1. Just for the range 70-89: of the residues that are hydroxyl-bearing (Ser, Thr, Tyr) and either surrounded by fewer than 19 Cβ atoms within 10 Å (Cβ to Cβ) or not assigned by TED's automatic domain parsing to the domain that holds residue 56 (or both), which one is farthest from the chain's Cα centre (by Cα)?
2. One residue is enough: does the range 219-241 have a residue meeting the conditions surrounded by fewer than 18 Cβ atoms within 10 Å (Cβ to Cβ), out of contact with any Pro (no Cβ under 6 Å at 6 or more places or on another chain), basic (Lys, Arg) and under 30 Å from residue 278 (Cβ atoms)?
3. May I ask you to verify whether residue 93 is surrounded by fewer than 16 Cβ atoms within 10 Å (Cβ to Cβ) and either hydroxyl-bearing (Ser, Thr, Tyr) or closer than 25 Å to residue 175 by Cα (or both)?
4. Quickly run through the range 242-265 and pick out the residues that are of a type in the set (Asp, Glu) and within 13 Å of residue 294 (Cβ to Cβ).
5. Return only the number of the condition from (1) under 17 Å from the mean Cα position of the chain (by Cα); (2) of a type in the set (Ser, Thr, Tyr); (3) farther than 22 Å from residue 262 by Cα that residue 200 does not satisfy.
6. Please count how many residues of the range 171-194 are among the charged types (D, E, K, R), more than 30 Å from residue 93 (Cβ to Cβ) and in a helix (DSSP H, G or I).
7. Hey, which of the helices (runs of 4 or more DSSP H) in the range 239-327, taking only ones fully inside, have at least 3 residues that are under 24 Å from residue 201 (Cα atoms)?
8. Could you list, in sequence order, all residues of the range 260-295 that are of a type in the set (Val, Ile, Thr) and either crowded, with 19+ Cβ neighbours inside 10 Å or under 17 Å from residue 316 (Cα atoms) (or both)?
Amino acid sequence: MSNYGYKGGSMRALSGALAVAVLALSTAGCAQLAQLQAMKAFKAANAAYQQQDYKQAATLYEEALEANPSLAQAYFFLGNSYDNQFRPSRKGEPENDALLTKAVEYYQKAADALGQSAVPEEKKIGKLALEYLVAAYGVDKLNDPAMAEPVVQKMIQLEPGEPSNYFALAKIYEDAGVYDEAERMLVAARDARPNVPDVYMQLAGFYNRQADFDKTIDALTQRTKVEPNNPEAFFTISTYYWDNAQRNALLSDEDKRVQVEKGLEAANKAIEIKSDYMEALVYKGLLLRVQALLEKDRSKIDALIKEANALRDQAEEIKKKRQGGGA
């Protein structure tokens, strides 16, 4: 009797074990099938995305994620597929605006899933998701700078040495009229990467929009210290001096003379580095013409105009040679 009971118990245990094994195999098979379905849908979605069929791509990316929610890269492309369907001209229409709401949702999921990835390509997509998320909150889309601000702050925390993140936050502050904070962010970008020329150009652009000529020139001059052999850096300074000397009605004639002299100094430096710098030759001639307007001595005026004409002709010759070479 006891033997029979023992055998019966063994059989029941064996049957239970077999059931668990079958269930495990079935679950594994289902998981494998789901992954295959996900990859098939993901591949088809990518093809539709490349053909710019964003509506179809969105449907297929959703299928891929439904089959395999861990397919994190699909979140970004799904968000971008919705983003690309949004039409600014139809802003305010609920159905159209809902596309951006979905885009934001999936950009955020992509950023959360991939932002800290150890795989460089995945991390790159995570960063891109944050950038597109900020753009979605921009003026021409959701127009919600308050939501964009913490996203960019997170980007700065993730990459404190990346100037573009500071630029993005500075733009948010500038668009909102918080100019002190905008300047602080641009200065922070400069401090983070003082050897990157663009940080000085961004600062110069900001100061120019604020009509602060002295700070504009100071930022441009700092750039020349980073790029002492770049003629374009000096040429740019000459254009700002010419523009201010010609257009600023508040300047006295003496102040204009000083502006022209500094502009000529910058243009000459650019030409010294690159003798056939056509644009620098043109602006040197323009500066000389402004200088001629400030002179009263006829002989000096004639000499300045003659030199300006010679520079114009030289620039024209360089332009013809370039066009001939291109042809």
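The values are calculated or read from the model by the stated rules, or taken from the named source; none is laboratory data. Keep in mind that this is a model prediction, so the values were computed, not measured. With ideal geometry, Cβ positions are generated from the backbone for all residues, glycine too; neighbour counts draw on all protein chains shown.
1. Filtering the range 70-89 for residues hydroxyl-bearing (Ser, Thr, Tyr) gives 70, 75, 81-82, 89.
With the extra rule that they be either surrounded by fewer than 19 Cβ atoms within 10 Å (Cβ to Cβ) or not assigned by TED's automatic domain parsing to the domain that holds residue 56 (or both), the set shrinks to 70, 89.
On the way: 70: 28, 89: 23 Å.
Ranking the candidates gives 70 first.
2. If we filter the range 219-241 for residues that are surrounded by fewer than 18 Cβ atoms within 10 Å (Cβ to Cβ), which is where we start, we get 221-222, 225-230, 232.
Among the residues that remain, those that are also out of contact with any Pro (no Cβ under 6 Å at 6 or more places or on another chain) are: 221-222, 225, 228-230, 232.
Cutting the leftovers down to basic (Lys, Arg) gives us 225.
This time we only want the ones that are under 30 Å from residue 278 (Cβ atoms), so: 225.
Yes.
3. Working: surrounded by fewer than 16 Cβ atoms within 10 Å (Cβ to Cβ): yes; either hydroxyl-bearing (Ser, Thr, Tyr) or closer than 25 Å to residue 175 by Cα (or both): yes.
Spelling it out, residue 93 is indeed surrounded by fewer than 16 Cβ atoms within 10 Å (Cβ to Cβ) and either hydroxyl-bearing (Ser, Thr, Tyr) or closer than 25 Å to residue 175 by Cα (or both).
4. Step one: list which residues in the range 242-265 are of a type in the set (Asp, Glu), which gives 243, 253-255, 261, 265.
Correct list: 253, 254, 255, 261.
5. Looking at each condition in turn, residue 200 falls short on (3).
6. Of the residues in the range 171-194, the ones among the charged types (D, E, K, R) are 171, 174-175, 180-181, 183-184, 190-191, 193.
Filter once more, keeping what is more than 30 Å from residue 93 (Cβ to Cβ): 180-181, 183-184, 190-191, 193.
Now narrow it down to the ones that are in a helix (DSSP H, G or I): 180-181, 183-184, 190-191.
Final tally of qualifying residues: 6.
7. Details: elements: 253-273, 278-294, 298-326.
Answer list for the range 239-327: 253-273, 278-294.
8. 260, 271, 282, 290
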